[in-house]
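The values are calculated or read from the model by the stated rules, or taken from the named source; none is laboratory data. The structure presented is a predicted model; accordingly, all values stated were derived computationally and were not measured. Virtual Cβ from ideal backbone geometry, glycine too; neighbours counted across all protein chains shown. To get the accessible areas, we keep the full protein, side chains included, count just its heavy atoms, and leave off ligands, DNA and RNA. Shrake-Rupley method; radii C 1.70, N 1.55, O 1.52, S 1.80 Å.
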Amino acid sequence: MNSGLIFGLTGIAVFAIGLFGALVMVEPLRRVLALKLCSVGAGFLLVVGAWQAPPDMPDPVPHALVITGIVVMISATAVALALIRRLHSLERASDE
Amino acid sequence: MTDPLLIFDVILGLAIVALAVAVLAMHDRFAMIVLFIVFGLLSALAWVRLSAPDVALAEAAIGTGLTGALLLTTLHHIRATPPAPVPVPAGAIIANLGLCGLIFGGLVVAFLSTPLQAPGLALPVAQNMEASGVAHPVTAVLLNFRAYDTLMEVVVLLAAIVAVWMVERGTAQAPSPVMGEIYRGFARLALPAIVIIGTYLLWVGAYAPGGAFQGGAVLAAVGLLLLLSRLYRPQPAHRPLARLGFVLGTAVFAGIALLVASGGRVPFEYPAAHAKTLILLIEGMVTISIAVTLAALFHGREPEYASVSENHK
Amino acid sequence: MIPALSIILIVLLLATLGGLIRVFRGPEPAERMLAAQLFGTASVAMLLILSQVMEMPALLDVALVFALLAAVTLVCFVVLAAKEDR
Amino acid sequence: MNDLPTLDWPTAVVFAPLAGAILAFAWPRRAAGIGLASVLLTTAAVAALALRVLAEGAVVTRLGNWGAPLGIDLRADGLSTLLLAMTAGVGLFVSLGALDSYAPARADERTRRYFWPLWLLLLTGLNGAFLSTDVFNLYVMLEVIALAAVGLTVLGGGREAVRAGLEYMYASILGALLFLMGVGFVYLELGRLDFAGLIAAEPAPALTAALALMIAGLLLKTALFPLHFWLPGAHANATAPASALLSGLVVKVSLYIFLRLTQYMPLPDELLVTLMGTLGAGAILWGGIQALRAERLKLLVAWSTVVQIGLIFVAFARAGQVGLAESWKAAALLILAHAVAKAAMFLSAGRIKDEVGHDRIQDLDRSPIRPTLAQFTFALAAISLIGLPPSLGFAGKWVLMEGAMAAGYWHWVGITMIGTLLSVAYFSRVLAGFLRFDRLRTPVAEHQGWALADTAPLVLALAALSLGLVAAPILAFMEIGYPFGATP
């Protein structure tokens, strides 16, 4: 057993949980969080792909990919949240 | 004897999985977001354990810190209407649970079959570090070897702010808060410190974990504090400047990538003598853009002339 | 010395995970937020220990950012909560 | 390399729209002019690239001169270039149509200003995806496309559009994340991300998992039945030029990536190929029935996209696993046919809606204000989508059926026939209305005469019709650079 194995399994579990949430949840905010879980799970997998038992240095390429993934994900999250806010105010306006 | 750190890893991994479940299961929406923030911090800790401090920095600053702030403002915006409870049929839940269970099982089998600790691209990166212009491998990958990906990532950020400004036209302005003395004191102390930390992270990226994204995110936190405290109020007159800030990183990055392509060189092939300077220039501009864009994503609306909604407060 | 630090690390993790019960039980948002803040502080401590155990000085920077962003989310919460009270 | 600085066309194809997007966003008052100029420049660059490919074979750019797998390569072969040309052609005419659709008299200023940066960012992503040879780079491109496409979906700003846009966003992001997880498995197994690595790889469980994840993500993004739930709402509620781009171009990217990946990492079992075809058959039947029931014109057109996506998957599966080496050509031809015809159809449907003031199919009769040219264009586009000769749609269906018959897979022939009959049925609902004389209604507004917005869809519809005549050269062009050969 080693850290790579432990966190690889963790990442796959988090991804599967996020996938379940994305498929089942109805509440807008919760669906966004479910997608965030999926992205963290995928990040785990890539970081594990880079991992080497210390003192060996890890492979830097997946680290760069995950950083890219994190920035991409906050962009997507921001757009989804803006849509949620917009939809909310449109629905409130039509209710009044 | 088992390494006690492995026990730490196991507990950490279990806690992360449990929190992921809790985020989705938590009824209260505020608690859901708080749990998500904790989940993000734990993931960052796990990435530290996997010797990925750069990723941990990015996750803590962007994936958790700023995302958490975004989620909190959105919840604040929509909290007036509690979600109508839409019952999900139990059959659908069980079917999806089965599906995701199967996917989990399949992925675990596939994962266990992979050559863990394969060298990957570590060797070619190490061999070309000399030519990359920087001393930190992750920065070399981001800004040189795979610079095209990074440029497109900044483009994604640009697309996000364009879309958000487009979507949120005419959204009601939130009322201004009353800021206490304590907060003002905090802001006075914290803001300069944060600016220094952000710049430091950008600078240190050339030879140690850190860089444009982490630095930009920390600087964006300054923007968040300014916006929250109303020390800075976005004005319609600032729009051209903001737009310039959003596109600056992309424009400089793409421009340099193209301009170096002469005399037999291809795009993104920085001349060896100037590689370090060019990378630092790109990083600096990208940091500014990231900071401005993330703060603007947090603010959401494009500043407009006296909106109607503010008047009837 | 290193095993001792590792054990402290585990104890810290367990203790803060125990503290999470306040996030679940609430009932006030402030209580949930403070529990998360406690968690942020503890993770700074864990990072400091890890930087010793793993011999990675760069983790000190990570700890710095953790501490800083915990403050920002807290301010975000306080400001938004203040708006709600009015 | 020679001493003269030669323009690197693959890079130019990606950077020209990017530069346009930056300028159009930074300088909103001039957005339309900048946008059109940059679309024209992009089209010129694609044309130059196509000539290079025709003369020299596949064009490769090693960005940063590192070379894959350390760096990222751009590669333009016959198939990539064909899809680039499709994007450039459709994009150019939709842009011209948009000039009129978003003219000051018809749209508010913000819609006009935001259309151009979003569309140019979309174009950047599309071109980048067609040239990419790296799975992670494809993921980033998919995200650029997703965010720009969601922006275009909600450009109208109505409640239905925002709701559909949010649904689209969830589907799109989930699809991209499934793809990213697949990328993770590719790296775990191979330690590299470029296509050459995929081709050389031995079969392994991790690669099967990667392929499954990536295909699932792509099917969700391309809206193959039963993952099509997000498409009708998003495409029917967007403004006309946006719908034309979404339906004509955006769903094609994931199809293209699907074709590439399945060629580099062959589906491990014949059963899976049949499954793809079966899902396609389901899309044809279900989409056809929904199109027959649709009450609004744009919704009908959106459902017809679901049908056409299904048809492309039937084309993919038409000759089973052994036939895959040829089947991608039928699929690619249908992709091209659908892109051109559907863009024309959405633009003309938008024109009809603008002129008549509604798009209820029941009430679209021969009223005095009927937009004749738009109706004519709609009919032409329908001919190509139904697949009558000499249209490109006909050529695509012909190649499909030929292959299926040669392989003795008559069920795919039968499904294609049923699909054709269904499309005749639902399009005649509309066309019959155009020709009806009996009920004259009071005009809602003065008929505004011909406009630039009519020209663009007309040219596209005529192109869809006449390109079928040059199907043979197109098929030959596709093979340049052995897009699916062993040597990349």
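List of remarks:
- Net charge dipole size for the protein assembly as shown [Lys, Arg +1 and Asp, Glu -1 on Cβ; Debye, nearest 20]: 2320
- Pairwise centroid distance, computed over Cα atoms, of region B:251-296 with region C:9-80, Å: 36
- Using a probe radius of 1.4 angstrom, the carbon and sulfur fraction of the accessible surface of region B:121-313 is 67%.
- The modelled label-to-label distance between A:N2 and D:A48, using points 7 Å beyond Cα along the C-beta direction, is 5.0 nm.
- Heavy atoms of D:E56 accessible to a 1.4 Å probe, total area in Å² rounded to 10: 120
- Computed on region A:3-95, with alpha-carbon pairs under 8 angstrom and 6+ residues apart, the relative contact order is 26 percent.
- Å² of accessible area per residue within region D:95-170, as computed with a 1.4 Å probe and no ligands counted: 19
- Look at the stretch B:100-106: the mean tally of other chain Cβ atoms within 10 Å of its residues' Cβ atoms is 6.
- The label-point distance for B:L259 and D:F376, in a model that sets each label 7 Å from Cα toward Cβ, rounds to 5.2 nm.
- GNM top mover of B:A187, B:A95, B:A60 - chain B, alpha-carbon springs below 10 Å: B:A95
- Between chain B and chain D, the total buried accessible area stands at approximately 4500 Å², from heavy atoms with a 1.4 Å probe.
- Distance (nanometres) between label positions extended 7 Å along Cα→Cβ at D:E295 and D:V424: 2.9
- Fraction of accessible area attributable to carbon and sulfur, chain D (%, probe 1.4 Å): 66
- Evaluating 6.51 cos²θ - 1.76 cosθ + 1.60 at θ = phi - 60° for every residue in region D:238-249, the Karplus couplings come out as 6, 6, 4, x, 5, 4, 4, 5, 5, 7, x, 10 Hz, glycine and proline recorded as x.
- Each residue of region B:35-41 is assigned a 3J(HN,Hα), and the resulting list reads 4, 5, 4, 4, 4, x, 4 Hz, derived from the Karplus form 6.51 cos²θ - 1.76 cosθ + 1.60 (θ = phi - 60°), x at Gly and Pro.
- Region D:15-68 versus region B:131-161: alpha-carbon centroid distance in Å: 20
- Between D:A432 and D:L7, the C-beta separation translates, for a Förster distance of 45 Å, into a calculated FRET efficiency of about 0.30.
- Derived scalar couplings between HN and Hα for region D:128-138 equal x, 5, 5, 9, 6, 10, 9, 5, 6, 4, 4 Hz in order, rounded to whole Hz, by the Karplus curve 6.51 cos²θ - 1.76 cosθ + 1.60 (θ = phi - 60°), x for Gly and Pro.
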